[in-house]
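The values are calculated or read from the model by the stated rules, or taken from the named source; none is laboratory data. The model shown is predicted, which means the values in this text are computed figures rather than measured ones. Quick reminder, even Gly has a Cβ in these numbers, built from the backbone with ideal geometry, and neighbours come from all protein chains shown.
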Amino acid sequence: MKAIRIAILLCIISMTCFAQQKIQILVITGGHGFKQEPFYHLFDSLGRGISYDKLEQPAANELIASPAVDKYDALVFYDMYNSITPAQKQAYVQLLKKGKAMIFLHHSLVSYQDWDEFQRIIGGKYYEKATLVKGDTIKSSYQHDVIIPVKIADPKHPVTRGLKDFKIYDEVYGNFGIQPNIRPLLSTTHPGSSHCIAWINSYEQTDVLFIQLGHGPEAFGNPNYRKLLRQGIEWSVLRHRKK
């Protein structure tokens, strides 16, 4: 137990020191409308230690397949996009083999419906169309403008550190696929939602973070969501800089 406490303390100290360093992220959008002013205010609120550029698809996929992507410590996806070339697919996988930090938010789960490898990258899939999966027909659902009870499934993880169970006015996704080896971070009992709503998925050399929350201004302004996103970015960048 003492060794575990020491390890946790060292992790917290490392995260605190790291938060004082500048983190450069790329926020990727496109393919789905959203309220831009409150969305980018969310990133402004993360503190001076995190700076960001923003880029819409398809320009983002072009940048990801170029050396310019090396400028960024992490890629934060808020897109819902389906057009991707073979070279761009290869670029995604190569970045993950190098340990590039990637964070996927909300409707990014719906991206690349015809690229099977994407669900193995992000850790799940939103099925826009009824799809036969292992003998069962799956079609995902959504419901916005609902109050979601959020349970911290892993309170000891640096991404969720200091958070307690909370409620958020947001959008739920139901009946989406989840890869078997993900590490759950958040869950919910909302009847319209799948149980697990945030997780870590290991793919190649990257621990990919997915957070299903984040539909609109009410979610963007929620202090728990802001803390979750900030700690998620800090942890993801620190973890992959160490590798």
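Selection of region 51-93 for residues being charged (D, E, K, R) and within 27 Å of W235 (Cβ to Cβ) yields D53, K54, E56, D70, K71, D73, D79, K89.
Only residues that are in contact (Cβ under 8 Å) with a residue 24 or more places away in the chain and not small (G, A, S) were counted in region 119-146, giving 15. Condition first: surrounded by 19 or more Cβ atoms within 10 Å (Cβ to Cβ) and under 17 Å from P149 (Cα atoms). Now tell me which residues in region 204-223 satisfy that. The answer is I211, Q212, L213, G214, H215, A219, F220, N222. Scanning region 120-130 for residues that are assigned to a loop (DSSP other than H, G, I, E, B) and within 18 Å of N201 (Cβ to Cβ) yields G123, Y126, Y127.
Can you find a residue that is farther than 17 Å from Y72 by Cβ and outside any helix (DSSP H, G or I) anywhere in region 220-235? Yes; the residues of region 220-235 include at least one that is farther than 17 Å from Y72 by Cβ and outside any helix (DSSP H, G or I). When region 147-188 is filtered for residues that are without any contact (Cβ under 8 Å) to a residue 40 or more places away in the chain and among the charged types (D, E, K, R), the ones remaining, listed by number, are K151, D154, K164, D165, K167, R183.
Could you tell me which numbered condition D114 fails, if it satisfies all but one of (1) within 14 Å of N201 (Cα to Cα); (2) surrounded by fewer than 18 Cβ atoms within 10 Å (Cβ to Cβ); (3) charged (D, E, K, R)? Exception for D114: condition (1). For region 113-125, the criterion of a residue being touching a Leu at 6+ places or on another chain (Cβ under 6 Å), aromatic (F, W, Y) and at pLDDT 95 or above is satisfied by no position.
Looking at region 24-38, which of the residues that are more than 18 Å from D73 (Cβ to Cβ) and in contact with a helix residue (DSSP H, G or I) (Cβ under 6 Å, 6 or more places away or on another chain) is surrounded by the most Cβ atoms within 10 Å (Cβ to Cβ)? Ranking the qualifying residues of region 24-38, first place goes to H32. Looking only at region 189-203, residues that are exposed (fewer than 15 other Cβ atoms within 10 Å of the Cβ) and in contact (Cβ under 8 Å) with a residue 12 or more places away in the chain come to 2 in all.
Only a single criterion out of (1) polar (S, T, N, Q); (2) more than 25 Å from V69 (Cα to Cα); (3) within 18 Å of the chain's Cα centre (by Cα) is not satisfied by Q113, namely (2).
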